[in-house]
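Encoded as structure tokens, the structure appears first; notes follow it.
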Amino acid sequence: MKIYEYLHFLNTNHTLYKAVVRAEQEGVLASAEAQRAAHSLRIDFEKGGIHLCPGKLDRVNQLNLEITLLGREFSENVIIDPGKVDIFPNTRIPKRIQSLLQPIYRNRAGGLRESKEARDAMQESGFRIVTDPAILSSILKWTPDAEVRKQAYIVGNSVPKANLGVLDKLIAARHELAEILGYKSYAEFATFPNMASSSEVVMSFLHELSEIVKCRADEELHKIREFKRKICGGSSDGVEPWDEAYLTGMMKSSTYDLDSSVIASYFSLPYCLHGLQVMVNSLFGATLKSIPLARGESWHPSVIKMSLQHPQEGDLGYMYLDLYSRNGKYPGCAHFAIKGGRQLSEMNYQLPVVALVCNFSAPYGSSTPRLNHWEVETLFHEFGHALHSLLSRTDYQHFSGTRMVIDLAETPANLFEYYAWDYRVLRTFAKHYSTGDTIPEKLVASMNGAKRMFAATELQRQILFSVMDQTLFGEPTPSPRDTVAIVAELKRQYTSWRHVEGTHWHTRFSHLINYGAGYYSYLYAKCFAATIWQDVCVEDPLSRSVGEALRTQFLQHGGAKDPSHLLRDFVDDGILKPCKGGIVPNTSSLCRELNLPPFPVYR
């Protein structure tokens, strides 16, 4: 807690706060960025309650500490209680995923044994499925046995039970915090500084997008239902949530003749890293070079360090890559800003330092570690965040890179996902690991076709996540909140799929902790990125002119420029729409990409 205590000391320092207020009010700051920095810092101070009377400030401090501890408890519970299912016999699990599971043995009495003696006398062998998100995803995608999928789905979406209570406490603490600070809900508190400006604007955006996508999502569900009926010989009882990944995977593979192992053969990790190097050179005239690590600088032998260098400008920044999965490592994939860029003097600039942390399934030390294409897309997504940090050139590190309003911060990462799907980009680095052959254009076209097959269903899922986030942290109802019932009703309202009674998947949805009332920003980013891709990049995505525009008109500003002005100056006024006193994205580009009807006009 030492870092938290130091930050608390800074955030409650009245001398600093008064200096910031005075600088903002007197209007003597030398630049627009300095004035914006003073305003932003004052808002940050006041979000911590520094302007309140001592009694209220003490309570705000207690609540902030409580919220931090509850968030930590939530995350720890997800790791401690992933859930498990024992399956017999072992033939019910496909061979391709058996290596992910723990072998178990059952003797004649039906008890479980893991000793050598039990194995010698075993009657039946099976597997224990630990239903953490990664393993559960593999089970649901690859297992033909519907009963196995059902058991794994129900268990994996019913843990950890302890987080039901943790989430209730977190919601209550955040709501009390927001009320003390003068807001009617935590969702209002969280959205107020952003482009959306209010939870009402966010919900209006989400509701309208939901209406647009509903018919297409219903059609996709009908196709899945018909496919299941066909392969089951007409004996199907309907489509269940545990069928989705398995059936849609089969439908994509059969429609486009796709084999995930064939696709992965073109994406060895060294080639993918080379692809990042090719991209930054083509776009920005810069190079990514591996550089030695100092003694004690690395936290694991697999970590590498790279420098982004420009022939005229020199080093632009540094990036650590920690890409392989291992026990005890931070779960998921993320970009971390270790040091923000800032102007130290007229001649000296503090270079940014970032880390990309992923959990790719390829084993560390393998001679040919290969990524599935989802992992390639993830690498490009996180690298988009890294470029935002490395190429920003702000006077204050308060605005460096991704340090901007949350509903714009994800846009560069979403934009660079397009590069992972474009053949003109992939042909520069996607080579077969053994033959060196370039990935076939026809294969990339099939991959894109498969991606679009159930795009409405996936968009509907993201809308649900966003609505749930806003609702749980929105204004409380007169009766006590039952988050399970709330989430169940929202799923029925905003998706085409049924809720499975007894499940509560939201208790390991970590974005409720990290993005409380801010998950909608992913959908804002999808809309902004679609417009930028179509209006700026698509004709020649690797051209120097595109790179120059991305760098000078967007990435280099970080959060130093008003986000609405930044987007309008970069693209045009049409990228945004006013809505009830806030700002929402123009979704016409995203709708065009997904072949959806036009989005309605906001008022």
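Things to note:
- With a cut-off of 19 Å on the backbone N, the residues of segment 336-352 near the modelled label site 7 Å out from ASP44 along Cα-Cβ are 336-345, 350-352.
- Heavy-atom accessible surface of the chain: percent carbon and sulfur, 1.4 Å: 52 percent
- Accessible area of VAL538 (1.4 Å probe, protein heavy atoms only, ligands and nucleic acids ignored): about 50 Å².
- Accessible surface comparison of ARG36, ARG342, ARG128, probe 1.4 Å, protein chains only, largest first: the order is ARG342, ARG36, ARG128.
- Taking 1.306 mPa s as the viscosity and 10 °C as the temperature, the Stokes-Einstein diffusion coefficient of segment 233-320 based on its alpha-carbon Kirkwood radius rounds to 92 µm²/s.
- Convex hull volume of the Cα atoms of the chain, normalised per residue: 191 Å³.
- Within the assembled protein chains, the solvent-accessible surface assigned to HIS222 is about 100 Å², based on a 1.4 Å probe.
- Reachable lysines from LYS161, criterion Cα separation under 17 angstrom, eight or more residues apart if same chain: LYS84, LYS169
- Sequence of ARG403, ARG592 from largest to smallest accessible area, 1.4 Å probe: ARG592, ARG403
- As a length-normalised measure over Cα pairs under 8 Å and 6 or more apart, the relative contact order of the chain settles at 16 percent.
- The residues neighbouring ASN77, those whose beta-carbon lies less than 12 Å from its own, together hold a net charge of 0 under the Lys/Arg +1, Asp/Glu -1 convention.
- With viscosity 1.567 mPa s and temperature 4 °C, the Kirkwood radius over alpha carbon pairs of segment 388-439 converts through Stokes-Einstein to a diffusion coefficient of 96 µm²/s.
- Under 14 Å, Cβ to Cβ, from ARG225 - net charge with Lys/Arg +1 and Asp/Glu -1: -3
- Under the span-like rule (Cα at least 24 Å along the axis, Kyte-Doolittle mean at least -1.0), DSSP H helices of the chain: 54-80, 162-180, 199-231, 373-391, 455-472
- Exposure rank, largest accessible area first [LEU276, LEU344, LEU52; 1.4 Å]: LEU344, LEU52, LEU276
- Cα pair distances exceeding 21 angstrom across segment 397-537, given as percent: 58 percent
- Computed from the Kirkwood radius of its Cα pairs, the Stokes-Einstein diffusion coefficient for segment 229-380 at 10 °C and 1.306 mPa s stands at 85 µm²/s.
- For a label point 7 Å along the Cα-to-beta-carbon line of LYS289, residues of segment 333-364 with backbone N under 11 Å: none
- Residues in segment 473-594 average 39 Å² of solvent-accessible surface per residue, probe 1.4 Å, ligands and nucleic acids excluded.
- The residues packed around ARG59, meaning those with a beta-carbon under 11 Å from its beta-carbon, carry a net charge of -3 if Lys and Arg are +1 and Asp and Glu are -1.
- Kirkwood analysis of segment 353-411, using all unique Cα-Cα pairs, places the hydrodynamic radius at 13.3 Å.
- When the square roots of the Cα gyration tensor eigenvalues are ordered a ≥ b ≥ c, the ratio a/c for segment 26-72 is 1.5 or more and a/b does not exceed b/c, which makes its shape oblate.
- Between segment 234-290 and segment 513-533, the Cα center-to-center distance that results, in Å: 22 Å
- Approximating the spin labels as points 7 Å out from Cα along Cα→Cβ, the SER366-to-ARG592 distance works out to 3.9 nm.
The values are calculated or read from the model by the stated rules, or taken from the named source; none is laboratory data. Every value quoted in this text rests on a predicted model; they were computed, and no experiment measured them. A quick note on method: Cβ atoms are made from the backbone with ideal geometry, for glycine too, and the neighbour counts reach across all protein chains shown. Surface areas here come from the heavy atoms of the whole protein model, side chains and all, with no ligands, DNA or RNA. Shrake-Rupley method; radii C 1.70, N 1.55, O 1.52, S 1.80 Å.
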